[in-house]
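All remarks here apply to the structure that follows.
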Amino acid sequence: MPLAVALFVFACGGDDKDTPSASPTPAGPTTPSVITGPSGSGRPADSTYVFSIDEVGLGANGYVWLTNFSEVPASLQGLYLCQPPDCFALPDQEVAAGDSVAIAASAETDHPGVVATWSDLALSPTDGELGVYVSEDVGNAESVRSYFQWGSDPHEGTEAAIAAGFWVTGYAPTSDNATRLYQNEGGLWLFEE
């Protein structure tokens with residue numbers, strides 16, 4: 001009977017239209033639930049937990065797409081985008097509920113929604129990591145708010161991200177020619193060439 005169940009599960013799998021070109025190690029960030037602030041405030045109790053990394057443009061003109069996944073507006077102020085050990089203080093930019101903004105690697109980008117440029121942002125197609133933190137202490141699990149890695153495992157920030165519950169073992173797939181890393185509707189990370 002267990003074989004029949006296994007065959008049934010395998011046969012009922014989805015189509016292959018969103019299957020990446022590489023065979024990845026399963027990985028994925030987790031998104032914490034958001035607790036809203038005082039009644040009528042329209043703000044989360046701790047707005048540092050409402051941003052997730054949802055897309056990464058790779059290469060010299062790359063970008064990081066941050067999305068406010070809460071139901072209320074939130075500011076990027078007090079947060080850092082980090083590629084451990086380096087960090088960049090995010091601007092005092094309010095992001096509406098459900099909206100996204102980009103942090104660009106170059107002022108030359110024509111990507112929409114850019115709110116800041118971090119020229120030291122290294123977005124190699126083959127390997128890297130990014131995290132949103134509440135301090136520049138990237139080794140402290142209590143500072144992690146969102147995390148993403150691709151290409152290999154582990155990176156400098158991996159251990160703290162796992163301890164904080166924002167990452168599981170593994171990495172997102174990529175290739176030498178990848179131009180973009182993104183999540184599909186099911187939350188799987190894929191790459192585009």
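The values are calculated or read from the model by the stated rules, or taken from the named source; none is laboratory data. The model shown is predicted, which means the values in this text are computed figures rather than measured ones. Here the Cβ positions follow ideal geometry from the backbone for every residue, glycine too, while neighbour counts run over all protein chains shown. Areas reflect the complete protein model, heavy atoms only, side chains present, ligands, DNA and RNA absent. Shrake-Rupley method; radii C 1.70, N 1.55, O 1.52, S 1.80 Å.
Descriptive notes on the structure:
- Within the span defined as the stretch 102-112, every residue fails to be open to solvent by 40 Å² or more (accessible area, probe 1.4 Å) and modelled with pLDDT of 95 or more.
- Of the residues contained in the stretch 125-132, one or more are found to be touching a Leu at 6+ places or on another chain (Cβ under 6 Å), surrounded by fewer than 23 Cβ atoms within 10 Å (Cβ to Cβ) and of a type outside the set (F, W, Y).
- Counted residues, the stretch 126-150 - those being assigned to a strand (DSSP E or B), of a type outside the set (A, V, I, L, M, F, W, C) and out of contact with any His (no Cβ under 8 Å at 6 or more places or on another chain): 5
- The residues of the stretch 151-184 include none that are open to solvent by less than 20 Å² (accessible area, probe 1.4 Å), farther than 19 Å from S124 by Cβ and part of a strand (DSSP E or B).
- Checklist (1) within 26 Å of Q77 (Cβ to Cβ); (2) free of Cβ contacts under 8 Å to residues at least 60 places away in the same chain applied to E159, failing item: (1)
- Selection from the stretch 57-96 of residues that are farther than 21 Å from Y182 by Cβ, part of a strand (DSSP E or B), in contact with an Asp or Glu (Cβ under 8 Å, 6 or more places away or on another chain) and open to solvent by 10 Å² or more (accessible area, probe 1.4 Å): S75, Y80, D86, C87, F88
- When D99 is tested against (1) crowded, with 16+ Cβ neighbours inside 10 Å; (2) within 22 Å of L188 (Cα to Cα), only condition (1) is not met.
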